[in-house]
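First the structure, in the form of structure tokens, and then the observations on it.
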Amino acid sequence: MNLPQVLPQHRYISTVTAQVIVALSVLAIGLLPPLVAIVAGLSDSGLLVATHAITTSLLAFLLGWQSAKAAFLVLLIILPWQPLFSMPLAEGLGSAGIKMLVATKDIYIAVLLPTLYLKNSKRIKWNFADMATLPFLLIYILYMVISPAGLFIALVSFREGFTIIAFYLVGRLGRLGYPEVKWLLKAMLIIAIFVALFGYIERFFFDELTWTNLGVGAYMEAKQGTLRSRFDVVGEIPKNWFSRVNGNLVRRMVSGIGDPTSLSRYLSLPILTLLFLPEMFHPSKENKVARFAIFCFLTGALILTFGRGGLLIVIGGIILWSVFNRPKLALMIVPILASIFFVAPLFDFNSGSIPGHIESATNGIRQLFVTPLGLGLGTAGQKALSFSSNAITGTGESYVAALAFQTGILGVATYSLFIAAVSLVLFKRYRQAKRLQDKTGRQLAMLGLSVILGIYITSAFANSAIAPISAGPSLLYCGAFLTAYLQGK
């Protein structure tokens, strides 16, 4: 394989890569004060993570103002690797320090969004999909203000809705053209390859003791306040790192993300990119082999996560592509793929966590009739359950259910409106590209449509579907692609 043909083009490497290396170095320097405090054995060393938060904010502003591509690349690197590099620091930093460190990506994008807005908002062609973000965000703000839960719990729950909108709008405000959007996908693919590579290493060469020594137990306990998810195995390994398949307990791949469900969804975008955009590789026999090898490499990692969400997004994308592009082929493909849900052990509806996911989703639907106006942010959902003993149980498995409990019909409706509006614009671009025989535009639109609908469908059954690591890259891509399309670049 000719590596430069897979990596982003040289004209980006010379500038963007240099900026990213400097940015990551500065982030590391920002962590020096708490690291020195840990080594010195000082108490309250976690509070010194504030220096890292300040450094992160400054970098987000400077990169956003200077180069959206560099800002995006730093964000894409932080997302899958922050958990791994935080684990060894957990015991020394404590709960407050780790929670602040985990918030790195949230701080970064919270600063990057207004920076890009100030820089580019007047040059963006806004449309109704962008307008749909406003009611969704306003509902979140309203229900945070009137929430009976504590301010901290309400803010943590607010983060979920805010990051959905923020990743999409950051993509829109980056003002990338079509060449840069394809570059962005290539960068995502390269990062995903390294994430999967580490996943194979930890899955087959790390045991429970290795992860314990890395600090996963202390990390989870500091992050969530409790290690109630610990499984009865050697070492402090979270429960969801294991899955029962045909009665056997099997360890799932987690990579640097430290969560199998998020990893499965994270891998779905690069896998679909390989399927939908084969021209990312030059049409030589050597590169066709390389593309197939990378596809198998990433798909194997996805399967080893035993994550249903990512697999559903990939299967859904294939079905969507076949229905729109090969209707006759779809008549054969759809039944075959649909049968997977009934014969594969991974989709055994009577085992594992599937009953819990289904129950949470149905609880949310029922709750809309009980409290149609919602109960307030922080009263239900995974985040509330992790930080509050007063949260309603049985609401942590489904984001839509948690949204129904907290914000009622208004929250679910505005969330659905946002997804529908983005999907409609993507579909319009697909129709236009098909009419103009623009193959690349059609493929890019189909990729966006697949991942945005995949996020929505899986969010009905899992809260992790809208987590920054799971959905962030996909939402960033959808926003960036729509800007390239609407700007005509």
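The values are calculated or read from the model by the stated rules, or taken from the named source; none is laboratory data. These numbers come from a predicted model, not from an experiment. We place every Cβ from the backbone using ideal geometry, glycine too, and count neighbours over all the protein chains shown.
Among the residues of the range 129-141, is there at least one that is touching a Gly at 6+ places or on another chain (Cβ under 6 Å), among the aromatic types (Phe, Trp, Tyr) and modelled with pLDDT of 90 or more? Steps first, answer last, please.
Residues of the range 129-141 that are touching a Gly at 6+ places or on another chain (Cβ under 6 Å), as a first pass: 139-140.
Adding the requirement that they be among the aromatic types (Phe, Trp, Tyr) leaves 140.
When the remaining residues are screened for being modelled with pLDDT of 90 or more, the result is 140.
Yes; the residues of the range 129-141 include at least one that is touching a Gly at 6+ places or on another chain (Cβ under 6 Å), among the aromatic types (Phe, Trp, Tyr) and modelled with pLDDT of 90 or more.
Matching residues to (1) in a helix (DSSP H, G or I); (2) surrounded by fewer than 19 Cβ atoms within 10 Å (Cβ to Cβ); (3) at pLDDT below 95:
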{"site": "SER386", "(1), (2), (3)": "yes, yes, yes"}
{"site": "SER389", "(1), (2), (3)": "no, yes, yes"}
{"site": "THR395", "(1), (2), (3)": "no, no, yes"}
{"site": "GLY408", "(1), (2), (3)": "yes, no, yes"}
{"site": "LEU447", "(1), (2), (3)": "yes, no, no"}
{"site": "ILE455", "(1), (2), (3)": "yes, no, no"}
{"site": "ALA471", "(1), (2), (3)": "yes, no, no"}
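Is it the case that some residue within the range 281-299 is in contact with a Leu (Cβ under 6 Å, 6 or more places away or on another chain) and touching a residue at least 40 places away in the same chain (Cβ under 8 Å)?
For the range 281-299, residues in contact with a Leu (Cβ under 6 Å, 6 or more places away or on another chain) and touching a residue at least 40 places away in the same chain (Cβ under 8 Å): present.
Do the conditions hold for THR104, that is, is it under 30 Å from ALA37 (Cβ atoms), in contact with a helix residue (DSSP H, G or I) (Cβ under 8 Å, 6 or more places away or on another chain) and polar (S, T, N, Q)?
yes
Is there a residue being at negative phi, among the acidic types (Asp, Glu) and modelled with pLDDT of 80 or more anywhere in the range 269-292?
no
Go through (1) over 21 Å from THR440 (Cβ atoms); (2) in contact (Cβ under 8 Å) with a residue 40 or more places away in the chain one by one and return the number of the condition MET332 breaks.
(2)
If I ask for residues that are under 24 Å from the mean Cα position of the chain (by Cα) and at pLDDT below 80, which ones from the range 363-379 would you list?
Result: GLY364, single match.
Pick from VAL74, VAL20: which is assigned to a helix (DSSP H, G or I), under 25 Å from the mean Cα position of the chain (by Cα), modelled with pLDDT under 90 and not aromatic (Phe, Trp, Tyr)?
On the way: VAL74 fails: modelled with pLDDT under 90.
None of the other options fit; the residue is VAL20.
I'd like to know if the range 153-161 contains one or more residues that are under 19 Å from the mean Cα position of the chain (by Cα), modelled with pLDDT of 85 or more and closer than 19 Å to PHE85 by Cβ.
For the range 153-161, residues under 19 Å from the mean Cα position of the chain (by Cα), modelled with pLDDT of 85 or more and closer than 19 Å to PHE85 by Cβ: absent.
Can you confirm whether PHE162 is out of contact with any Lys or Arg (no Cβ under 7 Å at 6 or more places or on another chain), surrounded by fewer than 21 Cβ atoms within 10 Å (Cβ to Cβ) and under 13 Å from GLY472 (Cα atoms)?
Yes.
Against the conditions (1) closer than 30 Å to GLY215 by Cα; (2) modelled with pLDDT under 90; (3) surrounded by fewer than 16 Cβ atoms within 10 Å (Cβ to Cβ), where does SER14 fall short? Just the number, please.
(1)
Evaluate the range 125-133: report whether one residue or more is among the basic types (Lys, Arg), assigned to a helix (DSSP H, G or I) and in contact (Cβ under 8 Å) with a residue 24 or more places away in the chain.
Checked against the condition, which is being among the basic types (Lys, Arg), assigned to a helix (DSSP H, G or I) and in contact (Cβ under 8 Å) with a residue 24 or more places away in the chain, the range 125-133 yields no hits at all.
Answer with yes or no whether LEU113 is within 30 Å of LEU373 (Cβ to Cβ) and without any contact (Cβ under 8 Å) to a residue 12 or more places away in the chain. I'd like the intermediate steps shown before the answer.
Working: within 30 Å of LEU373 (Cβ to Cβ): yes; without any contact (Cβ under 8 Å) to a residue 12 or more places away in the chain: no.
In short, no.
When GLY199 is evaluated against the numbered criteria (1) closer than 23 Å to THR379 by Cα; (2) buried (at least 16 other Cβ atoms within 10 Å of the Cβ); (3) not β-branched (Val, Ile, Thr), which criterion, by number, is the only one it fails?
(1)
Only one residue in ALA344, ALA301 is among the small types (Gly, Ala, Ser), on the phi < 0 side of the Ramachandran plot and either crowded, with 17+ Cβ neighbours inside 10 Å or modelled with pLDDT of 85 or more (or both). Which one?
Residue meeting the stated conditions: ALA301.
In the range 255-278, what residues are in contact with a strand residue (DSSP E or B) (Cβ under 9 Å, 6 or more places away or on another chain) and crowded, with 24+ Cβ neighbours inside 10 Å? Please lay out each step first, then the result.
Of all residues in the range 255-278, those in contact with a strand residue (DSSP E or B) (Cβ under 9 Å, 6 or more places away or on another chain) come to 258-260.
Residues satisfying the conditions are GLY258, PRO260.
Among (1) loosely packed, with under 12 Cβ neighbours inside 10 Å; (2) within 30 Å of LYS434 (Cβ to Cβ); (3) at pLDDT 70 or above, which single condition is VAL334 missing?
The one condition VAL334 does not meet is (1).
Please specify each residue of the range 211-243 satisfying the condition of being modelled with pLDDT under 80 and outside any helix (DSSP H, G or I).
GLY225, THR226, LEU227, ARG228, SER229, ARG230, PHE231, ASP232, VAL233, VAL234, GLY235, GLU236
Quick test of your reading of the structure: SER147 fulfils all but one of (1) crowded, with 21+ Cβ neighbours inside 10 Å; (2) part of a helix (DSSP H, G or I). Name the failing condition by number.
(2)
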